[in-house]
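The values are calculated or read from the model by the stated rules, or taken from the named source; none is laboratory data. A quick note: this is a predicted structure, and the numbers were derived from the prediction, not measured. All Cβ positions, glycine included, derive from the backbone under ideal geometry; neighbour counts span all protein chains shown.
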Amino acid sequence: MADPAGRAGQGAPASSLQPPALPCIRRLLAARLLFVTGKGGTGKTTLALAFARASAALGRRVVLVEIDNQRPSLTEYFGRAPGYDPQNVGAGLWIANVTWPEALEEWLGRFVPVPRVVKLILGNRMVRLFLDVTPGSREVAIFARLLLLAEQFDLVAVDMPASGHAISFLRVFTRAAGLFPAGPVRRSMDDAVAMLRSPATHLVLASLPEEMVVNETIETWQRLCEGVPGLSIPLVVLNQGMAPTLSDAEAELLERLSGSAPDPGERGWRQTELLCAGRWEAEREQATDEAIARLRRQTDLALLVAPWMGASGGVAERVRRMEALLVRSGAVAQASAEAPA
Ligand SMILES: Nc1ncnc2c1ncn2[C@@H]1O[C@H](COP(=O)(O)OP(=O)(O)OP(=O)(O)O)[C@@H](O)[C@H]1O
Ligand SMILES: [Mg+2]
């Protein structure tokens with residue numbers, strides 16, 4: 001990526017129109033377990049879909065999952081709700097919703113081989129109460145399901161809940177392990193920790209060029225680094241970023257015009273509309289540069305700026321464009337690595 005100092009004057013603008021060369025994207029597309037999280041509405045589902053599709057296009061068998069989502073986001077994209085068992089939705093791509101009751105039943109079934117007895121145990125009110133208040137019981141069952149899927153597929157891409165819940169989910173295994181010195185829960189927790197530390201497991205953060213969102217991204221990264229030691233977090237995608245399109249002369253003109261007639265009534269409606277659009281663009285460009293500079297200063301994450309993709313074209317078009325951006329960034333990285341020195 002170009003210099004984050006951007007429009008401030010020194011060097012190239014922060015968000016260039018050229019696809020960046022990001023070697024980590026090739027690693028992410030080759031992952032076995034890939035988590036995507038971020039603040040609500042930052043583009044987690046779009047990004048998880050784009051990674052899943054791009055990885056499947058490389059010939060891998062990919063399952064894209066949501067975690068115990070009562071209103072699965074994938075329904076809008078595929079026109080059908082994902083069920084517990086993976087459903088094939090295209091070449092190399094499956095979707096699923098890892099719901100807790102099913103995951104728990106499956107997990108218990110490993111230790112209690114008679115399904116009727118499993119149902120009796122789960123039907124017991126005291127057992128239910130115990131499970132509700134025991135830290136980690138929910139996560140253990142869900143993660144066990146993810147590990148099972150990782151044995152059946154080349155990649156499990158997880159469209160995680162928003163940051164706060166994702167952090168709680170991922171760090172429970174290290175935090176609650178002490179409660180279970182031995183036994184099946186402890187073994188499942190140890191399996192989860194091992195998978196989270198595996199070099200084939202990665203987490204991607206989705207962010208937006210807005211101060212509060214960038215704050216949350218940095219905080220999430222810090223809390224995950226502390227709370228889930230060994231988890232690889234190589235990339236943040238700054239979504240809906242605006243690459244500089246205004247030249248310095250245009251930016252200056254915009255500023256002059258904005259100041260020339262303070263009373264909007266003195267301008268024609270067309271001029272006012274154009275000024276508003278210009279200002280929105282200039283502010284978004286500046287916010288993008290500031291977000292890039294802060295993320296660079298305060299984290300060691302690789303950074304991909306995904307442009308604002310407009311409201312037209314619908315969800316599918318935006319996913320397609322996000323996928324193209326990922327593929328290009330990975331391909332440019334490979335081409336750079338292979339180019340003769
Ligand atoms: N770069 C972009 N430009 C324009 N629109 C985008 C872009 N990325 C995502 N969107 C749109 O923004 C909306 C929110 O994106 P998405 O559903 O992926 O976010 P999310 O983080 O999964 O949200 P939630 O927290 O509700 O699950 C969607 O309509 C999506 O199509
Ligand atoms: Mg979503």
### Message
If I filter region 91-111 for residues that are among the charged types (D, E, K, R), part of a helix (DSSP H, G or I) and surrounded by fewer than 16 Cβ atoms within 10 Å (Cβ to Cβ), do I get at least one hit?
### Response
yes
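Quick grid of which residues meet (1) without any contact (Cβ under 8 Å) to a residue 60 or more places away in the chain; (2) closer than 15 Å to Val158 by Cα; (3) more than 12 Å from ligand 1 (Cβ to nearest atom):
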{"site": "Leu49", "(1), (2), (3)": "no, yes, no"}
{"site": "Val63", "(1), (2), (3)": "no, yes, yes"}
{"site": "Gln70", "(1), (2), (3)": "yes, no, yes"}
{"site": "Gly79", "(1), (2), (3)": "yes, no, yes"}
{"site": "Tyr84", "(1), (2), (3)": "yes, yes, yes"}
### Task
Tell me, please, whether a residue that is of a type in the set (Phe, Trp, Tyr), within 16 Å of ligand 1 (Cβ to nearest atom) and modelled with pLDDT of 95 or more can be found in region 93-105.
no
### Task
Consider Ala249 carefully, then state whether it is at negative phi, crowded, with 17+ Cβ neighbours inside 10 Å, aliphatic (A, V, I, L, M) and at pLDDT below 95.
no
### Message
Can you find, within region 299-341, the residue that is farthest from Leu74 (Cα to Cα) among those that are surrounded by 13 or more Cβ atoms within 10 Å (Cβ to Cβ) and hydroxyl-bearing (Ser, Thr, Tyr)?
### Response
Thr299
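So, in region 183-206, exactly how many residues are farther than 17 Å from Ala144 by Cβ and assigned to a loop (DSSP other than H, G, I, E, B)? Reasoning before the result, please.
Just the residues of region 183-206 that are farther than 17 Å from Ala144 by Cβ, to begin with: 199-200, 202-206.
If we keep only those that are assigned to a loop (DSSP other than H, G, I, E, B) as well, we get 199-200.
Counting residues in region 183-206 that are farther than 17 Å from Ala144 by Cβ and assigned to a loop (DSSP other than H, G, I, E, B) gives 2.
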#### Entry: Within region 153-169, considering residues that are away from ligand 2 (no atom under 16 Å from the Cβ) and more than 14 Å from the chain's Cα centre (by Cα), the one nearest to Gly40 (Cα to Cα)
Ser168
### Task
For Met322, work out the one condition from (1) touching a strand residue (DSSP E or B) at 6+ places or on another chain (Cβ under 8 Å); (2) more than 16 Å from ligand 2 (Cβ to nearest atom) it doesn't fulfil.
(2)
### Message
Considering only region 147-159, I want to know if a residue exists there that is at pLDDT 95 or above, surrounded by 15 or more Cβ atoms within 10 Å (Cβ to Cβ), over 17 Å from Thr37 (Cβ atoms) and of a type in the set (Gly, Ala, Ser).
### Response
yes
### Task
Of all residues in region 6-38, count the ones that are over 16 Å from Leu235 (Cβ atoms) and modelled with pLDDT of 90 or more.
1
### Message
Quick check on region 153-160. Is at least one of its residues within 16 Å of ligand 1 (Cβ to nearest atom) and either among the small types (Gly, Ala, Ser) or free of Cβ contacts under 8 Å to residues at least 40 places away in the same chain (or both)?
### Response
yes
### Task
Please tell me if Ala56 is modelled with pLDDT of 95 or more and either over 20 Å from Ala166 (Cβ atoms) or within 14 Å of ligand 1 (Cβ to nearest atom) (or both).
yes
## Note on the structure
Counting only residues that are closer than 18 Å to Ala316 by Cα, within 11 Å of ligand 2 (Cβ to nearest atom) and among the small types (Gly, Ala, Ser), region 34-75 contains a total of 4
### Task
Scan Gly136, Gly123 and give me the residue that is at pLDDT below 95, at positive phi, more than 22 Å from the chain's Cα centre (by Cα) and more than 16 Å from ligand 1 (Cβ to nearest atom).
Gly136
### Message
When the residues of region 219-245 are narrowed to those that are buried (at least 17 other Cβ atoms within 10 Å of the Cβ) and over 29 Å from Ala144 (Cα atoms), which ends up nearest to ligand 2 (Cβ to nearest atom)?
### Response
Asn239
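Taking the options Ala176, Ala194, Ala200, name whichever one is surrounded by fewer than 19 Cβ atoms within 10 Å (Cβ to Cβ) and in contact with a Pro (Cβ under 7 Å, 6 or more places away or on another chain). Spell out how you get there, then give the answer.
Values: Ala194 fails: in contact with a Pro (Cβ under 7 Å, 6 or more places away or on another chain); Ala200 fails: in contact with a Pro (Cβ under 7 Å, 6 or more places away or on another chain).
The conditions single out Ala176.
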